[in-house]
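The values are calculated or read from the model by the stated rules, or taken from the named source; none is laboratory data. None of these values were measured; they are calculated from a predicted model. For neighbour counting, all protein chains shown are included, and Cβ atoms are generated from backbone atoms with ideal geometry for every residue, glycine included. Just the protein is used for accessible areas: all its heavy atoms, side chains included, with ligands, DNA and RNA removed. Shrake-Rupley method; radii C 1.70, N 1.55, O 1.52, S 1.80 Å.
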Amino acid sequence: MDDTQDLVQIGENRFISKTTVLSHLKTYNLYYEGQNLQLRHREEEGELIVEGLLNIFWGLRRPIRLQMQDDHERIRPPPSSTSWHSGCNLDSQGSPNNTDGQQMTQQSPPTVEVTPPESQLEDNGVTEEQIEEDSESSTQLLRTKSDAGVLRRGQRRSPSDQRKIRRHRFSINGHFYNHKTAVFTPAYGSVTNVRINSCMTTPQVLRVLLNKFKIENSPDDFALYLVHASGERVKLKRTDYPLVLRVMQGPCEQVCKVFLMEEDLGEEVTYDVAQYIKFEMPVLQSFITKLKEEEDREVQKLRRRYNYLRCIIEKQLSCLPEGATCM
């Protein structure tokens with residue numbers, strides 16, 4: 001029992017000493033001193049629990065599907081052309097009996113940053129202070145609805161102004177987003193983070209990440225990989241604990257990163273193979289030539305050996321008298 005409490009599980013039938021984990025955790029927190037990536041730890045019934053933010057880098061090749069609205073949100077048509085719509089929370093608009101002179105006291109900020117032309121700031125009722133607040137509250141990957149516009153209806157705009165607004169409306173932090181199909185393509189290598197603990201396995205971490213951004217894809221469609229600077233790529237098993245494994249790799253993300261990739265498109269790269277990835281093609285071709293020459297020498301050596309053995313056997317058979325049988 002005491003031996004079990006001194007160990008920390010990092011996978012199925014895989015354990016590491018608690019002292020080693022605490023040592024790596026201390027180095028990890030010193031590296032991120034003063035940042036929100038520092039991890040906390042505690043013990044419950046002798047079990048070490050580490051919790052905090054984990055950086056995950058996007059490595060997807062196919063688009064992902066985003067929910068058009070929240071699961072518990074009721075969809076209502078716009079009550080009038082003079083009220084906010086699309087990007088705002090419809091539940092905060094009040095009852096339809098409100099008069100035109102009344103103003104809403106509480107409005108939820110839009111989930112997607114929209115930057116209309118300067119000439120329309122006053123006409124649309126959006127001040128610079130509101131836009132700055134929206135940009136500060138935006139995360140690295142924002143949830144969005146089918147229409148990200150928060151402008152009032154009933155105003156005619158020139159085609160150039162419409163193109164400017166459309167460019168902002170269809171992008172999330174520079175990433176392409178199609179509001180009609182709810183398809184989103186994260187930029188390769190862009191980073192996000194999730195708050196997890198060391199007791200969460202790989203599927204649980206994937207579920208937290210997908211729920212954070214309201215992604216409709218199944219967690220079974222994705223996998224987490226430890227990608228090293230050398231090119232080595234290790235796929236985390238379903239029974240692994242990503243947070244502890246990340247701490248054991250060291251704090252520097254220039255050395256090792258956690259990537260989210262497709263389950264069927266991701267590919268593991270061993271350390272031996274990773275050593276040759278960064279070589280130029282002429283160098284790799286020379287390696288292949290050398291290996292081919294070595295293979296040919298081994299083949300010739302085996303042929304000479306078996307030819308010699310065949311000659312000895314044939315000579316012994318020729319020396320046997322006729323009618324003799326081998327025992």
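Amide H contacts of CYS199 (H built 1.01 Å from N, in plane; Pro and chain starts excluded): VAL50 sit under 5 Å, all sequence-distant by 5 or more or on other chains.
Within the set of other residues whose C-beta is less than 15 Å from the C-beta of GLY266, count the net charge using Lys and Arg as +1 and Asp and Glu as -1. Taking every other residue near GLY266 into account, the sum is -2. Treating r as the C-beta distance of LYS290 and GLN67 and R0 as 51 Å, the FRET efficiency rounds to 0.40.
At a Förster radius of 22 Å, what calculated FRET efficiency corresponds to the Cβ-Cβ distance of GLU280 and ASN217, to the nearest 0.05? Could the numbers behind the result be given before it?
Working: r = 38 Å, r/R0 = 1.71.
Working from the Cβ atoms, E equals 0.05.
Charge tally around TYR31: other residues with Cβ under 15 Å, Lys/Arg +1 each, Asp/Glu -1 each, net +1.
Fully extending the segment from ASP264 to LYS237 would add 8.3 nm, taking 0.36 nm per residue of separation and subtracting the current Cα-Cα distance. Among SER23, SER198, the sequence by solvent-accessible area, most first, with a 1.4 Å probe is SER23, SER198. Taking packing as the residue-averaged number of other Cβ atoms within 10 angstrom, the listed peptides 182-191, 225-234 run from highest to lowest as 225-234, 182-191.
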